[in-house]
Amino acid sequence: MRPHAKRLSDVIPAPVLVVPEPDVTFTVTPDALARAEAGESPAGGGISLELSGPEELGAEGYRLEITASGVTLRAAQRAGLFWGVQTLRQLAAGDGVLPGGVIEDRPRFAYRGAMLDLARHFFTVDEIKAHLDLLVQFKINHLHLHLTDDQGWRLEIPGWPRLTEIGGGPGTGCDGAGPGFLTLADYADVVAYAAERFVTVVPEIDMPGHVNAALVAYPELTADGQPVAPRTDAEVGYSSLAAGKEETYAFVETVIKTLADATPGPYLHLGGDECLSMPAEDYRAFLSRVLPLPGKYGKRAIGWHEIAAAGLPEGTVVQYWRPEQQDAGVDAAVTAGRAVIMSPADRVYLDMKYDADTRLGLDWAGLVPVRRAYDWDPALRLPGVTEDALLGVAAPLWSETLRSVADVQFLTFPRLPAVAEVGWTPQAGRDWESFRERVALFAPRWEAAGVSYFRSPEIWAAD
Ligand code: NGO
(Lines give C-alpha, C1' and ligand atoms only; values in the text may rest on other atoms or scores of the structure.)
Protein backbone atom coordinates (compact mmCIF):
# COMPACT_ATOMS: atom_id res chain seq x y z
CA MET A 1 0.00 0.00 0.00
CA ARG A 2 1.37 3.43 -0.94
CA PRO A 3 1.98 5.85 1.91
CA HIS A 4 -0.26 8.90 1.85
CA ALA A 5 -0.03 12.24 3.58
CA LYS A 6 -1.09 12.06 7.21
CA ARG A 7 -4.82 12.25 7.76
CA LEU A 8 -6.72 13.21 10.88
CA SER A 9 -8.76 10.04 10.43
CA ASP A 10 -5.71 7.75 10.65
CA VAL A 11 -6.64 6.51 14.10
CA ILE A 12 -7.57 3.06 15.49
CA PRO A 13 -10.27 2.70 16.75
CA ALA A 14 -11.86 5.04 14.20
CA PRO A 15 -13.22 8.10 16.03
CA VAL A 16 -16.93 8.88 15.96
CA LEU A 17 -16.50 12.26 14.27
CA VAL A 18 -13.51 13.61 12.34
CA VAL A 19 -13.57 17.09 10.78
CA PRO A 20 -10.22 17.82 9.11
CA GLU A 21 -8.99 21.36 8.59
CA PRO A 22 -7.04 21.16 5.34
CA ASP A 23 -3.53 22.63 5.23
CA VAL A 24 -3.38 23.14 9.00
CA THR A 25 -0.81 21.25 11.05
CA PHE A 26 0.79 21.52 14.45
CA THR A 27 4.04 19.83 15.43
CA VAL A 28 4.47 18.34 18.90
CA THR A 29 7.61 17.20 20.65
CA PRO A 30 7.79 13.72 22.23
CA ASP A 31 8.38 15.46 25.55
CA ALA A 32 5.12 17.41 25.30
CA LEU A 33 3.26 14.21 24.48
CA ALA A 34 4.77 12.42 27.44
CA ARG A 35 3.75 15.26 29.72
CA ALA A 36 0.25 15.17 28.27
CA GLU A 37 0.09 11.42 28.92
CA ALA A 38 1.10 12.06 32.52
CA GLY A 39 -1.94 14.33 32.74
CA GLU A 40 -0.09 17.59 33.35
CA SER A 41 -2.48 20.38 32.63
CA PRO A 42 -1.76 22.64 30.97
CA ALA A 43 0.83 20.27 29.60
CA GLY A 44 2.92 22.89 27.87
CA GLY A 45 4.45 22.40 24.46
CA GLY A 46 1.22 23.65 22.92
CA ILE A 47 -0.98 20.87 24.33
CA SER A 48 -3.67 21.86 26.78
CA LEU A 49 -5.69 19.25 28.70
CA GLU A 50 -8.98 20.42 30.14
CA LEU A 51 -11.45 18.57 32.32
CA SER A 52 -14.15 20.94 31.18
CA GLY A 53 -16.67 18.55 29.73
CA PRO A 54 -19.12 18.65 28.14
CA GLU A 55 -20.99 15.94 30.03
CA GLU A 56 -22.20 14.39 26.75
CA LEU A 57 -18.68 13.04 26.29
CA GLY A 58 -19.46 10.59 29.07
CA ALA A 59 -16.91 8.72 31.16
CA GLU A 60 -14.48 8.03 28.33
CA GLY A 61 -15.20 10.46 25.51
CA TYR A 62 -13.00 13.38 24.46
CA ARG A 63 -12.85 16.31 22.08
CA LEU A 64 -9.61 17.15 20.34
CA GLU A 65 -8.96 20.35 18.47
CA ILE A 66 -5.74 20.79 16.54
CA THR A 67 -4.99 24.26 15.16
CA ALA A 68 -1.83 25.90 13.86
CA SER A 69 -1.18 27.32 17.31
CA GLY A 70 -1.72 24.25 19.45
CA VAL A 71 -3.83 21.38 20.69
CA THR A 72 -6.77 21.48 23.05
CA LEU A 73 -8.00 18.21 24.49
CA ARG A 74 -11.19 18.26 26.54
CA ALA A 75 -13.03 15.55 28.41
CA ALA A 76 -15.60 15.25 31.16
CA GLN A 77 -13.50 12.71 33.05
CA ARG A 78 -9.82 11.80 33.26
CA ALA A 79 -10.23 8.57 31.31
CA GLY A 80 -11.41 10.65 28.36
CA LEU A 81 -8.23 12.72 28.47
CA PHE A 82 -6.17 9.52 28.54
CA TRP A 83 -7.91 8.09 25.48
CA GLY A 84 -7.58 11.44 23.73
CA VAL A 85 -3.83 11.33 24.34
CA GLN A 86 -3.73 7.87 22.74
CA THR A 87 -5.34 9.40 19.68
CA LEU A 88 -2.75 12.19 19.71
CA ARG A 89 0.07 9.67 20.00
CA GLN A 90 -1.14 7.78 16.95
CA LEU A 91 -1.49 10.99 14.96
CA ALA A 92 1.95 12.24 16.02
CA ALA A 93 3.71 8.96 15.16
CA GLY A 94 6.89 9.40 13.19
CA ASP A 95 7.45 13.11 12.68
CA GLY A 96 5.31 14.66 15.42
CA VAL A 97 3.18 16.49 12.85
CA LEU A 98 -0.50 16.57 13.76
CA PRO A 99 -3.05 17.16 11.01
CA GLY A 100 -5.42 20.03 11.87
CA GLY A 101 -9.11 19.75 12.66
CA VAL A 102 -11.51 18.44 15.27
CA ILE A 103 -12.18 14.94 16.59
CA GLU A 104 -15.14 14.11 18.81
CA ASP A 105 -15.10 10.63 20.16
CA ARG A 106 -16.66 8.27 22.67
CA PRO A 107 -16.96 4.48 22.85
CA ARG A 108 -19.78 2.30 21.62
CA PHE A 109 -19.29 -0.12 24.54
CA ALA A 110 -18.17 0.42 28.13
CA TYR A 111 -16.28 -2.91 28.28
CA ARG A 112 -13.50 -3.38 25.75
CA GLY A 113 -11.41 -6.24 26.96
CA ALA A 114 -8.37 -8.35 26.29
CA MET A 115 -7.64 -11.57 28.15
CA LEU A 116 -4.27 -13.12 28.85
CA ASP A 117 -4.02 -16.74 30.00
CA LEU A 118 -1.34 -16.95 32.70
CA ALA A 119 -2.27 -20.53 33.59
CA ARG A 120 -1.10 -22.38 30.47
CA HIS A 121 1.98 -20.18 30.34
CA PHE A 122 2.97 -17.72 33.01
CA PHE A 123 3.93 -14.15 32.14
CA THR A 124 5.77 -11.95 34.62
CA VAL A 125 4.60 -8.64 36.06
CA ASP A 126 6.90 -6.75 33.70
CA GLU A 127 5.66 -8.74 30.72
CA ILE A 128 2.03 -8.08 31.64
CA LYS A 129 2.74 -4.36 32.04
CA ALA A 130 4.51 -4.15 28.69
CA HIS A 131 1.59 -5.94 27.03
CA LEU A 132 -0.86 -3.57 28.69
CA ASP A 133 1.04 -0.58 27.33
CA LEU A 134 0.49 -1.90 23.81
CA LEU A 135 -3.21 -2.61 24.45
CA VAL A 136 -4.15 0.82 25.82
CA GLN A 137 -2.99 2.46 22.59
CA PHE A 138 -6.17 0.96 21.14
CA LYS A 139 -8.34 2.12 24.05
CA ILE A 140 -8.75 -1.34 25.59
CA ASN A 141 -10.04 -0.68 29.10
CA HIS A 142 -10.35 -4.12 30.73
CA LEU A 143 -7.55 -6.63 31.25
CA HIS A 144 -8.91 -10.07 32.07
CA LEU A 145 -6.28 -12.34 33.66
CA HIS A 146 -7.04 -16.06 33.44
CA LEU A 147 -5.17 -17.02 36.60
CA THR A 148 -5.92 -20.69 37.14
CA ASP A 149 -6.50 -23.80 35.09
CA ASP A 150 -5.64 -27.48 34.90
CA GLN A 151 -1.96 -26.77 34.17
CA GLY A 152 -1.24 -24.08 36.75
CA TRP A 153 -2.39 -21.82 39.59
CA ARG A 154 -0.93 -18.32 39.33
CA LEU A 155 -2.20 -16.24 42.24
CA GLU A 156 -1.14 -16.45 45.88
CA ILE A 157 -4.06 -17.32 48.19
CA PRO A 158 -3.15 -16.86 51.87
CA GLY A 159 -3.85 -20.01 53.87
CA TRP A 160 -3.53 -22.22 50.77
CA PRO A 161 0.21 -22.04 50.03
CA ARG A 162 0.50 -25.25 48.02
CA LEU A 163 -1.74 -23.76 45.30
CA THR A 164 1.17 -21.63 44.11
CA GLU A 165 4.10 -23.64 45.53
CA ILE A 166 2.99 -26.63 43.48
CA GLY A 167 0.56 -25.06 40.98
CA GLY A 168 3.01 -22.28 40.10
CA GLY A 169 6.16 -24.29 40.60
CA PRO A 170 8.59 -25.94 38.18
CA GLY A 171 7.00 -28.06 35.49
CA THR A 172 3.68 -26.20 35.43
CA GLY A 173 2.04 -24.78 32.32
CA CYS A 174 1.53 -26.52 29.01
CA ASP A 175 4.43 -28.89 28.33
CA GLY A 176 5.69 -27.87 31.76
CA ALA A 177 7.19 -24.79 30.11
CA GLY A 178 5.49 -21.95 31.94
CA PRO A 179 6.17 -21.89 35.71
CA GLY A 180 5.59 -18.91 37.99
CA PHE A 181 2.89 -17.11 39.94
CA LEU A 182 1.87 -13.67 41.17
CA THR A 183 2.14 -12.88 44.85
CA LEU A 184 -0.63 -10.62 46.11
CA ALA A 185 1.92 -7.79 46.04
CA ASP A 186 2.66 -8.57 42.37
CA TYR A 187 -1.05 -8.59 41.63
CA ALA A 188 -1.50 -5.24 43.39
CA ASP A 189 1.37 -3.88 41.30
CA VAL A 190 -0.35 -4.96 38.06
CA VAL A 191 -3.70 -3.61 39.22
CA ALA A 192 -2.19 -0.23 40.12
CA TYR A 193 -0.27 0.00 36.85
CA ALA A 194 -3.47 -0.78 34.95
CA ALA A 195 -5.49 1.74 36.96
CA GLU A 196 -3.01 4.49 36.09
CA ARG A 197 -3.91 3.71 32.48
CA PHE A 198 -7.66 3.62 33.15
CA VAL A 199 -7.73 -0.14 32.74
CA THR A 200 -9.76 -2.35 35.07
CA VAL A 201 -8.22 -5.72 35.91
CA VAL A 202 -10.72 -8.60 35.82
CA PRO A 203 -9.24 -11.61 37.64
CA GLU A 204 -10.51 -15.07 36.74
CA ILE A 205 -10.37 -18.13 38.94
CA ASP A 206 -11.90 -20.86 36.81
CA MET A 207 -14.37 -23.17 38.59
CA PRO A 208 -15.87 -25.71 39.05
CA GLY A 209 -13.97 -27.19 36.07
CA HIS A 210 -10.42 -26.44 34.85
CA VAL A 211 -9.12 -27.04 38.38
CA ASN A 212 -6.61 -29.88 38.09
CA ALA A 213 -3.78 -27.73 39.47
CA ALA A 214 -5.82 -27.01 42.61
CA LEU A 215 -6.69 -30.71 43.02
CA VAL A 216 -3.02 -31.67 42.70
CA ALA A 217 -2.09 -29.19 45.42
CA TYR A 218 -4.96 -30.12 47.77
CA PRO A 219 -6.25 -33.68 47.27
CA GLU A 220 -8.90 -33.05 49.93
CA LEU A 221 -10.70 -31.08 47.23
CA THR A 222 -11.19 -34.13 45.00
CA ALA A 223 -14.48 -36.02 45.18
CA ASP A 224 -12.89 -39.11 46.78
CA GLY A 225 -10.01 -37.34 48.52
CA GLN A 226 -7.49 -39.29 46.42
CA PRO A 227 -4.49 -37.48 44.89
CA VAL A 228 -4.55 -36.72 41.17
CA ALA A 229 -1.57 -36.41 38.87
CA PRO A 230 -0.38 -33.05 37.52
CA ARG A 231 -1.18 -32.45 33.85
CA THR A 232 0.56 -30.32 31.28
CA ASP A 233 -1.34 -31.38 28.16
CA ALA A 234 -3.98 -29.17 26.53
CA GLU A 235 -7.06 -31.36 27.06
CA VAL A 236 -10.11 -29.67 28.61
CA GLY A 237 -13.18 -30.73 30.57
CA TYR A 238 -11.79 -33.55 32.74
CA SER A 239 -11.37 -31.91 36.16
CA SER A 240 -13.91 -30.53 38.61
CA LEU A 241 -14.41 -29.50 42.19
CA ALA A 242 -16.73 -31.69 44.27
CA ALA A 243 -20.18 -30.07 44.39
CA GLY A 244 -21.22 -32.21 47.36
CA LYS A 245 -18.34 -31.41 49.74
CA GLU A 246 -18.37 -28.57 52.25
CA GLU A 247 -14.56 -28.24 51.89
CA THR A 248 -15.21 -27.07 48.36
CA TYR A 249 -17.26 -24.09 49.46
CA ALA A 250 -14.86 -23.10 52.25
CA PHE A 251 -12.05 -23.11 49.69
CA VAL A 252 -14.04 -21.23 47.07
CA GLU A 253 -15.19 -18.56 49.51
CA THR A 254 -11.63 -17.94 50.71
CA VAL A 255 -10.48 -17.57 47.12
CA ILE A 256 -13.33 -15.21 46.20
CA LYS A 257 -12.83 -13.09 49.32
CA THR A 258 -9.08 -12.86 48.65
CA LEU A 259 -9.78 -11.80 45.09
CA ALA A 260 -12.43 -9.29 46.11
CA ASP A 261 -10.10 -7.72 48.69
CA ALA A 262 -7.26 -7.48 46.16
CA THR A 263 -9.33 -6.13 43.27
CA PRO A 264 -10.60 -2.54 43.17
CA GLY A 265 -12.52 -3.17 39.93
CA PRO A 266 -16.16 -4.29 40.03
CA TYR A 267 -15.81 -7.73 38.42
CA LEU A 268 -14.67 -11.18 39.51
CA HIS A 269 -14.63 -13.81 36.75
CA LEU A 270 -15.51 -17.29 37.99
CA GLY A 271 -15.02 -19.20 34.74
CA GLY A 272 -17.70 -21.88 34.67
CA ASP A 273 -16.71 -23.22 31.23
CA GLU A 274 -16.46 -26.80 30.01
CA CYS A 275 -17.30 -28.56 33.20
CA LEU A 276 -17.83 -31.81 31.34
CA SER A 277 -16.94 -34.22 34.12
CA MET A 278 -19.66 -33.00 36.50
CA PRO A 279 -23.36 -33.94 36.24
CA ALA A 280 -25.48 -30.98 35.08
CA GLU A 281 -27.42 -30.87 38.35
CA ASP A 282 -24.21 -30.72 40.39
CA TYR A 283 -22.98 -27.92 38.16
CA ARG A 284 -26.14 -25.93 38.79
CA ALA A 285 -26.04 -26.68 42.52
CA PHE A 286 -22.43 -25.50 42.70
CA LEU A 287 -23.20 -22.28 40.85
CA SER A 288 -26.28 -21.54 42.93
CA ARG A 289 -24.04 -21.41 45.99
CA VAL A 290 -21.02 -19.75 44.40
CA LEU A 291 -22.39 -17.14 41.97
CA PRO A 292 -23.83 -15.02 44.82
CA LEU A 293 -20.44 -14.85 46.56
CA PRO A 294 -18.93 -12.00 44.52
CA GLY A 295 -22.05 -9.99 45.43
CA LYS A 296 -21.51 -10.79 49.10
CA TYR A 297 -18.07 -9.17 48.81
CA GLY A 298 -19.25 -6.18 46.81
CA LYS A 299 -18.42 -7.44 43.31
CA ARG A 300 -20.22 -8.62 40.17
CA ALA A 301 -19.66 -12.15 38.88
CA ILE A 302 -18.72 -12.80 35.27
CA GLY A 303 -18.82 -16.32 33.86
CA TRP A 304 -18.35 -18.02 30.50
CA HIS A 305 -21.75 -18.53 28.92
CA GLU A 306 -22.26 -22.08 30.25
CA ILE A 307 -23.30 -20.39 33.51
CA ALA A 308 -26.51 -19.29 31.76
CA ALA A 309 -27.73 -22.84 32.50
CA ALA A 310 -28.03 -21.80 36.15
CA GLY A 311 -30.10 -19.09 37.80
CA LEU A 312 -28.01 -15.93 37.63
CA PRO A 313 -28.00 -13.42 40.50
CA GLU A 314 -28.70 -9.84 39.54
CA GLY A 315 -25.63 -8.14 38.15
CA THR A 316 -24.04 -11.35 36.83
CA VAL A 317 -22.41 -10.94 33.42
CA VAL A 318 -22.37 -13.70 30.80
CA GLN A 319 -19.38 -13.96 28.44
CA TYR A 320 -20.34 -15.67 25.19
CA TRP A 321 -17.57 -17.70 23.53
CA ARG A 322 -18.57 -21.00 21.86
CA PRO A 323 -19.50 -20.36 18.25
CA GLU A 324 -21.68 -23.42 17.73
CA GLN A 325 -23.82 -22.67 20.78
CA GLN A 326 -26.25 -20.13 19.40
CA ASP A 327 -28.92 -20.93 21.97
CA ALA A 328 -26.96 -21.67 25.13
CA GLY A 329 -29.45 -19.77 27.26
CA VAL A 330 -27.73 -16.42 26.73
CA ASP A 331 -30.93 -14.93 25.30
CA ALA A 332 -32.88 -16.11 28.37
CA ALA A 333 -30.26 -14.52 30.63
CA VAL A 334 -30.71 -11.29 28.68
CA THR A 335 -34.47 -11.50 29.05
CA ALA A 336 -33.86 -11.80 32.78
CA GLY A 337 -31.84 -8.58 32.61
CA ARG A 338 -28.27 -9.92 32.60
CA ALA A 339 -25.54 -8.21 30.56
CA VAL A 340 -23.37 -9.94 27.97
CA ILE A 341 -19.75 -9.67 26.87
CA MET A 342 -19.23 -10.90 23.32
CA SER A 343 -16.19 -13.12 22.71
CA PRO A 344 -17.19 -15.50 19.91
CA ALA A 345 -14.16 -17.73 19.38
CA ASP A 346 -14.56 -17.75 15.59
CA ARG A 347 -14.15 -13.93 15.56
CA VAL A 348 -12.10 -12.74 18.50
CA TYR A 349 -10.11 -15.63 20.00
CA LEU A 350 -6.61 -14.33 19.44
CA ASP A 351 -5.25 -17.85 19.90
CA MET A 352 -6.89 -19.11 16.70
CA LYS A 353 -4.47 -19.39 13.79
CA TYR A 354 -4.60 -16.62 11.18
CA ASP A 355 -4.25 -19.14 8.35
CA ALA A 356 -3.38 -22.80 7.92
CA ASP A 357 0.36 -22.02 8.03
CA THR A 358 0.36 -20.02 11.27
CA ARG A 359 3.01 -21.67 13.44
CA LEU A 360 1.27 -20.78 16.74
CA GLY A 361 -2.25 -21.11 17.99
CA LEU A 362 -5.18 -23.49 17.71
CA ASP A 363 -7.86 -23.98 15.08
CA TRP A 364 -10.78 -25.66 16.84
CA ALA A 365 -12.99 -22.61 16.11
CA GLY A 366 -11.61 -22.29 12.57
CA LEU A 367 -9.05 -19.88 11.20
CA VAL A 368 -9.40 -16.24 12.19
CA PRO A 369 -7.80 -13.94 9.62
CA VAL A 370 -7.82 -10.24 10.45
CA ARG A 371 -10.87 -9.41 8.36
CA ARG A 372 -12.87 -12.09 10.17
CA ALA A 373 -11.97 -10.49 13.51
CA TYR A 374 -13.09 -7.11 12.12
CA ASP A 375 -16.13 -7.67 9.92
CA TRP A 376 -18.97 -8.54 12.29
CA ASP A 377 -21.49 -6.78 14.48
CA PRO A 378 -21.67 -7.92 18.11
CA ALA A 379 -25.30 -6.78 18.28
CA LEU A 380 -26.27 -9.20 15.50
CA ARG A 381 -24.36 -12.25 16.68
CA LEU A 382 -26.97 -13.93 18.87
CA PRO A 383 -30.74 -13.84 18.44
CA GLY A 384 -32.25 -11.94 21.36
CA VAL A 385 -28.91 -10.37 22.35
CA THR A 386 -29.04 -6.84 21.00
CA GLU A 387 -27.06 -3.65 21.56
CA ASP A 388 -28.70 -2.75 24.87
CA ALA A 389 -27.82 -6.11 26.42
CA LEU A 390 -24.13 -5.81 25.54
CA LEU A 391 -21.65 -4.67 28.12
CA GLY A 392 -19.00 -5.01 25.45
CA VAL A 393 -16.54 -7.06 23.48
CA ALA A 394 -13.43 -8.91 24.62
CA ALA A 395 -10.61 -10.76 22.88
CA PRO A 396 -9.22 -13.75 24.83
CA LEU A 397 -5.69 -15.00 24.24
CA TRP A 398 -5.22 -18.55 25.53
CA SER A 399 -1.63 -19.58 25.90
CA GLU A 400 -1.43 -23.35 25.24
CA THR A 401 0.97 -22.75 22.33
CA LEU A 402 2.67 -19.59 23.60
CA ARG A 403 6.17 -19.61 25.04
CA SER A 404 7.25 -15.96 24.92
CA VAL A 405 6.13 -12.35 24.77
CA ALA A 406 6.94 -12.37 21.05
CA ASP A 407 4.40 -15.19 20.68
CA VAL A 408 1.79 -13.14 22.54
CA GLN A 409 2.41 -10.15 20.30
CA PHE A 410 2.37 -12.18 17.09
CA LEU A 411 -1.16 -13.44 17.74
CA THR A 412 -2.33 -10.09 19.15
CA PHE A 413 -1.27 -7.80 16.32
CA PRO A 414 -2.97 -6.87 14.09
CA ARG A 415 -6.11 -8.65 15.31
CA LEU A 416 -6.47 -6.88 18.66
CA PRO A 417 -6.70 -3.46 16.95
CA ALA A 418 -9.51 -4.94 14.83
CA VAL A 419 -11.44 -6.09 17.90
CA ALA A 420 -10.72 -2.80 19.68
CA GLU A 421 -12.43 -0.98 16.81
CA VAL A 422 -15.40 -3.38 16.98
CA GLY A 423 -15.75 -2.40 20.64
CA TRP A 424 -15.22 1.35 20.32
CA THR A 425 -16.48 2.59 16.96
CA PRO A 426 -20.18 2.69 16.05
CA GLN A 427 -21.03 -0.01 13.51
CA ALA A 428 -21.92 2.59 10.86
CA GLY A 429 -18.47 4.16 11.25
CA ARG A 430 -16.57 0.96 10.51
CA ASP A 431 -15.30 -0.20 7.17
CA TRP A 432 -12.77 -2.96 6.40
CA GLU A 433 -11.00 -1.09 3.58
CA SER A 434 -10.51 1.91 5.81
CA PHE A 435 -9.32 -0.25 8.72
CA ARG A 436 -6.91 -2.06 6.43
CA GLU A 437 -5.29 1.20 5.35
CA ARG A 438 -5.08 2.52 8.89
CA VAL A 439 -3.68 -0.65 10.46
CA ALA A 440 -1.04 -0.85 7.72
CA LEU A 441 0.47 2.34 9.18
CA PHE A 442 1.37 0.46 12.35
CA ALA A 443 3.91 -1.84 10.68
CA PRO A 444 6.84 0.60 10.89
CA ARG A 445 5.84 1.58 14.44
CA TRP A 446 5.75 -2.02 15.64
CA GLU A 447 9.03 -2.69 13.88
CA ALA A 448 10.66 0.34 15.49
CA ALA A 449 9.38 -0.73 18.90
CA GLY A 450 10.46 -4.36 18.45
CA VAL A 451 6.87 -5.59 18.61
CA SER A 452 6.25 -8.87 16.84
CA TYR A 453 3.18 -8.95 14.54
CA PHE A 454 1.70 -11.08 11.79
CA ARG A 455 2.34 -9.48 8.43
CA SER A 456 -1.07 -10.49 7.12
CA PRO A 457 -1.39 -10.67 3.32
CA GLU A 458 -4.88 -9.24 3.75
CA ILE A 459 -3.23 -5.96 4.76
CA TRP A 460 0.27 -5.83 3.36
CA ALA A 461 -0.28 -7.79 0.13
CA ALA A 462 0.08 -4.75 -2.12
CA ASP A 463 3.58 -3.84 -0.90
C1 NGO B 1 -11.90 -22.55 25.38
C2 NGO B 1 -11.56 -23.16 26.71
C3 NGO B 1 -10.15 -22.83 27.15
C4 NGO B 1 -9.16 -23.05 26.01
C5 NGO B 1 -9.59 -22.24 24.81
C6 NGO B 1 -8.66 -22.43 23.64
C7 NGO B 1 -12.93 -21.38 26.97
C8 NGO B 1 -13.79 -20.36 27.57
N9 NGO B 1 -12.54 -22.49 27.55
O10 NGO B 1 -12.41 -21.25 25.74
O11 NGO B 1 -9.80 -23.61 28.25
O12 NGO B 1 -7.88 -22.64 26.40
O13 NGO B 1 -10.89 -22.56 24.41
O14 NGO B 1 -9.04 -21.71 22.51
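For this structure, a couple of remarks:
- Scanning region 289-307 for residues that are open to solvent by less than 20 Å² (accessible area, probe 1.4 Å), within 16 Å of the ligand (Cβ to nearest atom) and not in a strand (DSSP E or B) yields HIS305, ILE307.
- In the set (1) open to solvent by less than 50 Å² (accessible area, probe 1.4 Å); (2) part of a loop (DSSP other than H, G, I, E, B); (3) within 16 Å of the ligand (Cβ to nearest atom); (4) in contact with a helix residue (DSSP H, G or I) (Cβ under 9 Å, 6 or more places away or on another chain), the condition left unmet by GLY178 is number (4).
- Within region 356-406, the residues that satisfy the criterion of being more than 21 Å from GLY271 (Cα to Cα) and among the hydroxyl-bearing types (Ser, Thr, Tyr) are THR358, TYR374, THR386, SER404.
- Boolean, VAL202 is at pLDDT 95 or above, among the β-branched types (Val, Ile, Thr), within 16 Å of the ligand (Cβ to nearest atom) and in contact with an Asp or Glu (Cβ under 9 Å, 6 or more places away or on another chain): no
- Candidates are the residues of region 392-408 that are in contact (Cβ under 8 Å) with a residue 40 or more places away in the chain, away from the ligand (no atom under 16 Å from the Cβ) and over 13 Å from the mean Cα position of the chain (by Cα); the one that is surrounded by the most Cβ atoms within 10 Å (Cβ to Cβ) is VAL405.
- Of all residue pairs spaced 6 or more apart or on separate chains, none has beta-carbon atoms under 7 Å together with a first member in region 323-349 that is not assigned by TED's automatic domain parsing to the domain that holds VAL202 and a second member that is in a loop (DSSP other than H, G, I, E, B).
- Test: residue in region 123-134 that is among the acidic types (Asp, Glu) and buried (at least 17 other Cβ atoms within 10 Å of the Cβ): no
- Scope region 363-376; condition touching a Lys or Arg at 6+ places or on another chain (Cβ under 7 Å), over 14 Å from PRO414 (Cα atoms) and either outside the structural domain of ALA418 (by TED's automatic domain parsing) or open to solvent by 50 Å² or more (accessible area, probe 1.4 Å) (or both); matching residues: ASP363, LEU367
- Some residue of region 409-422 being away from the ligand (no atom under 16 Å from the Cβ) and not in a helix (DSSP H, G or I): yes
- For region 326-346, the set of residues classified as in a loop (DSSP other than H, G, I, E, B) and over 22 Å from the mean Cα position of the chain (by Cα) consists of GLN326, ASP327, ALA328, GLY329, ALA336, GLY337, listed by residue number.
- The listed residue being away from the ligand (no atom under 16 Å from the Cβ), among the hydrophobic types (A, V, I, L, M, F, W, C) and out of contact with any Gly (no Cβ under 7 Å at 6 or more places or on another chain), out of ALA345, ALA373, ALA389, ALA365: ALA389
- Boolean, ARG284 is charged (D, E, K, R) and either farther than 16 Å from GLY384 by Cβ or within 14 Å of the ligand (Cβ to nearest atom) (or both): yes
- One residue alone among LEU259, LEU276, LEU270 is within 16 Å of the ligand (Cβ to nearest atom) and in contact with a Leu (Cβ under 8 Å, 6 or more places away or on another chain), and that residue is LEU270.
- Among the residues of region 375-400, those identified as part of a strand (DSSP E or B) and in contact with a strand residue (DSSP E or B) (Cβ under 6 Å, 6 or more places away or on another chain) are VAL385, LEU390, LEU391, GLY392, VAL393, ALA394, ALA395, PRO396, LEU397.
- Residues that are open to solvent by less than 10 Å² (accessible area, probe 1.4 Å) and within 17 Å of ALA195 (Cβ to Cβ), drawn from region 90-115: TYR111, ARG112, GLY113, ALA114
- Evaluated against (1) within 13 Å of the ligand (Cβ to nearest atom); (2) assigned to a helix (DSSP H, G or I), GLU247 falls short on exactly one condition, (1).
- Number of residues in region 309-347 that are in contact with a helix residue (DSSP H, G or I) (Cβ under 8 Å, 6 or more places away or on another chain), modelled with pLDDT under 95 and among the acidic types (Asp, Glu) equals 0.
The values are calculated or read from the model by the stated rules, or taken from the named source; none is laboratory data. Because the structure is predicted, anything quoted here is derived from the model rather than measured. So basically every Cβ, Gly included, is an ideal-geometry build from the backbone, and we count neighbours across all protein chains shown. Please note that ligands, DNA and RNA were not included when accessible areas were found on the heavy atoms of the full protein model with its side chains. Shrake-Rupley method; radii C 1.70, N 1.55, O 1.52, S 1.80 Å.
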